Amino acid sequence: MAEVMLQVAAVLIFFAILFGVIRLVLGKSVVDRIVAIDMLTVISLSLIALYAQVSGRFVYIDVALVYALLSFLAVLAVARFLERGL
């Protein structure tokens, strides 16, 4: 039963990646594209967490946390740049 749930989660994550890439390509403004990139970052974090669960190596959770922190800081920097410049 757990294997089926992991497979369902993987399929849903890959659909989310597909929709994120579509939003990235079809985004009409820079803000839309930045939000799509941030969404893809969150989706990749969930993919890393899923891989950590499947492989049984939970060191990848630490990698995901560092990646999330760097992504958050990058989005803040881009938002500040778009709002008033650096």
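We did not get these values from a lab; they are worked out from the coordinates using the rules stated. Note that the coordinates shown come from a computational prediction; the quantities given were computed from them, not determined experimentally. Please note: Cβ atoms are built from the backbone with ideal geometry, for glycine as well, and neighbour counts cover all protein chains shown.
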Phi-based couplings in Hz for the range 35-47 (Karplus 6.51, -1.76, 1.60; Gly and Pro marked x) = 5, 5, 5, 5, 5, 5, 5, 5, 5, 5, 5, 5, 5
Under the rule of -39500 (n - 2.57) per DSSP H run of 4 or more residues, summed and divided by the residues of the chain, what mean residue ellipticity at 222 nm is obtained, to the nearest 500 deg cm²/dmol?
-> -32000 deg cm²/dmol
Check each of the chymotrypsin sites (Phe, Trp or Tyr not before Pro) in the range 13-86 and keep only those in coil by DSSP with at most 10 other C-beta atoms within 10 angstrom; list them in order.
-> 58
Determine, from the Cβ-Cβ distance of residue 4 and residue 57 and an R0 of 22 Å, the FRET efficiency 1/(1 + (r/R0)^6), rounded to the nearest 0.05.
-> 0.50
Fully extended contour minus Cα-Cα distance, from residue 75 to residue 12, at 0.36 nm per residue = 20.2 nm
